[in-house]
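*Asks:* Sending over a structure as structure tokens; questions will come in a sec.
The values are calculated or read from the model by the stated rules, or taken from the named source; none is laboratory data. It should be emphasised that the depicted structure is a prediction, and the values quoted were computed from it without experimental measurement. Cβ placement follows ideal geometry from the backbone for every residue including glycine, while neighbour counts extend to all protein chains displayed. Side chains are part of the model used for accessible areas, which takes the heavy atoms of the whole protein and leaves out ligands, DNA and RNA. Shrake-Rupley method; radii C 1.70, N 1.55, O 1.52, S 1.80 Å.
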Amino acid sequence: MKSMYKITLQLQRCARDITNMSQQAVNGISHRGRVLTLDSMNPNVKRVEYAVRGPIVQRAVQIEKELKEGVKKPFTEVIKANIGDAHAMGQKPITFFRQVLALCSYPALLEDSKFPEDVKKRAQRILEACGGHSIGAYSTSQGIECIRQDVARYIEKRDGGIPSNPDNIYLSTGASDAIVTILKLLVCGEGRDRTGVMISIPQYPLYSAALADLGAVQINYYLDEDNCWSLNIAELRRALNAAREHCNPRVLCIINPGNPTGQVQSRQCIEDVIRFAKEEHLFLMADEVYQDNVYAEGCQFHSFKKVLFEMGPEYSNTVEMASFHSTSKCYMGECGFRGGYMEVINLDPEVKAQLIKLVSVRLCPPVPGQALLDLVVNPPQPDEPSYATFMTERTAVLSTLAEKARLTEQIFNTVPGITCNPVQGAMYTFPCITLPQKAIDKAKELGLVPDMFYCMRLLEEDGICLVPGSGFGQREGTYHFRMTILPPTDKLKVVLQKIREFHLRFTQEFS
Amino acid sequence: LNKKYPDVFFQGVKKPFKSVIDVSSGDPHKAGMPPISFIRQVMAVCLYPELLKEKSLPLDVRQRAQKLLDMCSGGSVGSYSTTSIGLPEVQKSISEFITRRDGGVLSHPEDIILTIGSQKGLSVFLNLLTSGEGKTQTGVLTPMPCPHTLPMLLDMTGLALVPYRLFEEQGWAVNLDELHRALEAGRVHCEPKAIYISNPGNPTGYVQDRETIEKVIRFAATNCLIILAEEVHQGSVYGQDKEFISYKKVLSEMGKTYAETMELVSFHSISTAYIGECGLRGGYMEVVNIDPAVKKCLNFTPSAPVLPQLALELSLNPPRPEDSSYNSYTQVRGLSYALEFLNRVEGMSCQPSMAGPFLYPRVHLPPHMVEEAKRLGVKADVLYCQRLLEEEGICVGAGCENGQEDKNYHIRHRYLLIDNKINQFHRSFCEAMLTG
């Protein structure tokens, strides 16, 4: 039967081609349908999904339009707690950064006495490093040299003096750009030899999207929800061994602090991971964009590089690693600038040459983002005029986030059917929701994944936009959602309250 | 080339020149062209909104900045674009610009995708196109010479480069017979699915006339090719009696069958000769007649930075009093002077450039140079450029980077230099070649 079906398809295709050809003869041009269709396009791109901006967000945007047009709803605004965008939620930019950038944009303002001296000095230094003293000139593909030097110094200071070489620093268009670049270098092979990349479940969907686009094999390792989303070496080993049956595992990705789970890895855990990577000959990718977002008592950010070097030359001379940072999170929240960098450790020199080639194709990272990064790694010092304001602003942002993290965990845990792990760091909460069987059935009826169904209902009834846990990955049979803790505290309290009420209503409805 | 050498100079090594003049890329700011004040002032206010109250800044600057900030989430240029394909108001503004430019041919905001520069935009679209291997590998007809980053981009995206020669004797025109020849040759080893057009040409500066554009469209339609039209230098056309016409406009006037079926993507950016904001990394692509299901895949485009979207908006809607006739005057003056000089030098000939930032002269290299190059294992035009850099501190681009494969050696350099620099540059440049 199957072969008959195939032949039928082929005949149909031939018939179509013949029809097209005769039409072509008639028209003199090809009535081809399109050159670029789902069938003819890059098959990998078709498989790409990115839940953070996926269907639920599209519906949210639609609802916003409807509200604007005066359609009556049980709410007056859509609260977009789906994306980690601090400024969109009202967080204020750091004054010092914006002042320097304004001067870089329009240097005539250097004459303006309203700007402090340290702001002017920084701006002048950045402009001098730019071609033609303008942020509008291309920079070298690897990024402006003096900025890479500043990044290296920042890393050294952060890591207690462990040397960092500016040649190993690559500025990028947000951390995402650098992550995809490294993956491009690492993914190769065919069939059973195809590169496998280990990523945590739940994970930030940039990774799964990039792996789909590159046609790499995604190897899932599960974080332990019962233990505050901690990483378990036994689980890593299980995942790796299973994967070896069908691919060539070469990369291990860690997000620390975690997205969406917010867990901050202990030092011991990081050592164990490094040891594992060395034993199993894996390239480590350490996504550390939330390194300043650590809230929980007893938690501390340990950079992978620092731990690596403290484990001695046996590790620090051999383990290959790339760590990533950006200007989009922490206390800056400057997502719209697309600033970031990666530091590569123990990268083969020939591979490095290929890396330089790869980054040169996209010319250079946006210069304003590079300038901003320079300020982030080189903030006002205690003896400088802008220091006091800077520290006040920075502390305010981070302490507010810490407070919201606590509040979120506290309130969600009072809701029967919602369990929430402590938000140790980053900007999100990923609570587990218990869904009544009837709701699960209803979702299946509608062709929706159960947590998508839940989130869609929340959006329609309360105007709150979250991302269903299925977009990040979760253990079979469990359901979650990811909510950012970014709305201003008062609004967040309202949101938490509304979700609480919704959950109770929803559970009641499907009981 | 310029990536390796500048490092050497920072080490205090003695050279017969004080600093490197890099004219190998179309980067006006690097050469000293000042940015457009209005754009930079508005950007400064958007970056630091306290300046909205700054009376020393013109009122229209502050008003425009407020309008732009209102387009951003949370009123900040630091938030992500509301959609990954860009700020909706900027999409709308661009579509209105295109409609105006094309004399009323409608452009739709949802067909506009904001990019991180035209190169990145092209890369994203090419990634949709790429498929197959060996004989089924997707091919792209590519002009020779072409922008110097294009061959590498095609290679990295897994696409086959199918070269079609531009005719230097005709001012670097596109030749239909050559297109046919190239396509036939291409079909032997790959599956050509697209034709890349650079109009105005990069690096040649050639501006295609309506007749040429129509012929190319017909050729593409008959042969099932998508047109990728890079039209970045549309705003700097200065050749006598030359006018930029967009591929889309010509397409719209070729009748319903073409206008509603021909797949076309056009690229533009702020890295132009006029605006020159290359470092900001901003641009857009307009997709015409692209399959809606395929278009949806473009939603996964990496998000473009906000500041260049705003700069783009400003550049497409400039305020009247700021029309820089001064700038274009300087450009024209610079160009004809440079052209004259180049054509007077023994061993150099240069086709008049009609648009864009580059001059692309042919250099007749002495046989001893060609032999030396062979001995050293480098291409002769690369050796020439290396010598020029070492001896005069001037960095130009070698024609082979633009795909020039034959024995007709060329160099690529930007002519856009401010007045006093031109004298300096050309004197040493031409001296170098006479002694070369």
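*Asks:* Per the helix-only calculation at 222 nm, which mean residue ellipticity applies to the protein assembly as shown, given -39500 (n - 2.57) for every DSSP H run of n ≥ 4 and division by its residues, nearest 500 deg cm²/dmol?
*Replies:* -13500 deg cm²/dmol
*Asks:* At a cut-off of 50 Å², which residues of segment A:303-352 become less accessible once all protein chains are present than in their chain alone, using a 1.4 Å probe?
*Replies:* Listed in order, they are A:G336, A:R338.
*Asks:* Further question: Under the definition of Cα pairs under 8 Å and six or more residues apart, what whole-number percent is the relative contact order of segment B:81-316?
*Replies:* 25
*Asks:* Express the accessible area of segment B:81-316 per residue in Å², computed with a 1.4 Å probe while the remaining protein chains stay in the model.
*Replies:* Ligands and nucleic acids excluded, the result is 31 Å² per residue.
*Asks:* Buried accessible area between A and B (1.4 Å probe, both chains summed, ligands and nucleic acids excluded), in Å² to the nearest 100?
*Replies:* That pair hides around 5700 Å² of surface in total.
*Asks:* Among A:G136, A:L38, A:I147, flag the residue with its Cα farthest along the positive direction of the charge dipole of chain A, charges on Cβ as +1 for Lys/Arg and -1 for Asp/Glu.
*Replies:* Final value for the positive-end residue is A:L38.
*Asks:* Another question about this same structure. Calculate the translational D of segment A:133-185 in whole µm² s⁻¹ from Stokes-Einstein, where the hydrodynamic radius comes from the Kirkwood formula applied to all Cα pairs, the temperature is 4 °C and the viscosity 1.567 mPa s.
*Replies:* 105
*Asks:* Would you jot down the residues in segment A:208-229 that end up with at least 10 Å² less accessible area in the complete protein assembly than in the chain alone, with a 1.4 Å probe?
*Replies:* Residues passing the criterion (a loss of at least 10 Å², heavy atoms only) are A:D213.
*Asks:* Do any GluC sites (Glu not before Pro) in segment A:451-510 lie in a DSSP loop with no more than 15 other beta carbon atoms within 10 Å, and if so, which?
*Replies:* In loop regions of segment A:451-510 (DSSP not H, G, I, E or B), the sparsely surrounded GluC sites (Glu not before Pro) are A:E476.
*Asks:* Please report, in whole Å³, the volume per residue of the convex hull around the C-alpha atoms of segment B:81-316.
*Replies:* Dividing the Cα hull volume of segment B:81-316 by its residues yields 117 Å³.
*Asks:* Per residue, how much accessible area does segment A:66-200 have with a 1.4 Å probe, in Å²?
*Replies:* Per-residue accessible area for segment A:66-200 comes out at 40 Å².
*Asks:* Restrict the search to segment A:164-265; then list the GluC sites (Glu not before Pro) that DSSP places in a loop and that have at most 16 other Cβ atoms within 10 Å of their Cβ.
*Replies:* For GluC sites (Glu not before Pro) across segment A:164-265 that sit outside H, G, I, E and B with at most 16 neighbouring Cβ atoms in 10 Å, the list reads A:E190, A:E245.
*Asks:* Would you mind calculating the relative contact order of chain A from Cα pairs under 8 angstrom and at least 6 residues apart, reporting the percent as a whole number?
*Replies:* 20
*Asks:* Given a 1.4 Å probe and every protein chain left where it sits, what share in percent of the accessible area of segment B:81-316 is carbon and sulfur?
*Replies:* Its accessible area is 51 percent carbon and sulfur atoms.
*Asks:* Determine the alpha carbon to alpha carbon distance for each of A:K404/A:K498; A:K305/A:K357; A:K184/A:K357; A:K120/B:K53; A:K80/A:K329 and list only those over 22 Å.
*Replies:* Distance filter (> 22 Å) returns A:K305/A:K357.
*Asks:* Can you send over the carbon and sulfur percentage of the accessible area for chain A, probe radius 1.4 Å, protein chains only?
*Replies:* In chain A, the share of accessible area belonging to carbon and sulfur is 52 percent.
*Asks:* Under 5 Å between amide hydrogens, which residues at least 5 positions from A:R194 or on another chain qualify, with H placed 1.01 Å from N in the peptide plane?
*Replies:* Residues meeting the criterion, in which the H sits 1.01 Å from N, are A:N248.
*Asks:* Give a residue-ordered list of calculated ³J(HN,Hα) values for segment B:103-117 (Karplus: 6.51 cos²θ - 1.76 cosθ + 1.60, θ = phi - 60°; whole Hz; x for Gly, Pro).
*Replies:* Listing the rounded values in order: x, x, 5, 5, 10, 9, x, 6, 8, 9, 10, 6, 10, 8, x Hz.
*Asks:* Would you grab the residues whose amide H sits under 5 Å from the one on A:E320? Only those 5+ places off in sequence or on another chain, please, with H modelled 1.01 Å from N.
*Replies:* A:L284
*Asks:* So if I average 1/r over every pair of distinct C-alpha atoms in chain A and take the inverse, what Kirkwood radius in Å does that give?
*Replies:* 25.2
*Asks:* In whole Hz and in residue order, list the ³J(HN,Hα) couplings for segment A:50-64 that follow from phi through the Karplus curve 6.51 cos²θ - 1.76 cosθ + 1.60, θ = phi - 60°; x for Gly and Pro.
*Replies:* In residue order, the calculated couplings are 9, 4, 4, 10, x, x, 5, 5, 4, 5, 4, 4, 4, 4, 4 Hz.
*Asks:* Expressed as a fraction of 2.2 N^0.38 Å, the rule-of-thumb size for a compact globular protein of N residues, what is the C-alpha radius of gyration of segment A:158-224?
*Replies:* 1.35
*Asks:* Report the GluC sites (Glu not before Pro) located in segment B:232-263 that are in a DSSP loop and have at most 12 other Cβ atoms inside 10 Å of their Cβ, or state none.
*Replies:* B:E243, B:E260
*Asks:* Given contacts defined as C-alpha pairs under 8 Å and at least six residues apart, what's the relative contact order of segment A:401-497, whole-number percent?
*Replies:* 30
*Asks:* Would you mind computing the Rg to Rh ratio of the protein assembly as shown from its alpha-carbon coordinates, Kirkwood style for Rh?
*Replies:* My calculation puts Rg/Rh at 0.96.
*Asks:* Let me ask something else. Along the charge dipole of segment B:127-180, Cβ charges K/R +1 and D/E -1, which of B:M152, B:G132, B:L166 sits furthest on the positive end?
*Replies:* B:G132
*Asks:* Shifting gears a bit: 5 Å is the cut-off here: which amide hydrogens, built 1.01 Å from N in the peptide plane, fall below it relative to A:I201, excluding neighbours closer than 5 in sequence?
*Replies:* Correct list: A:Y221, A:Y222, A:L223.
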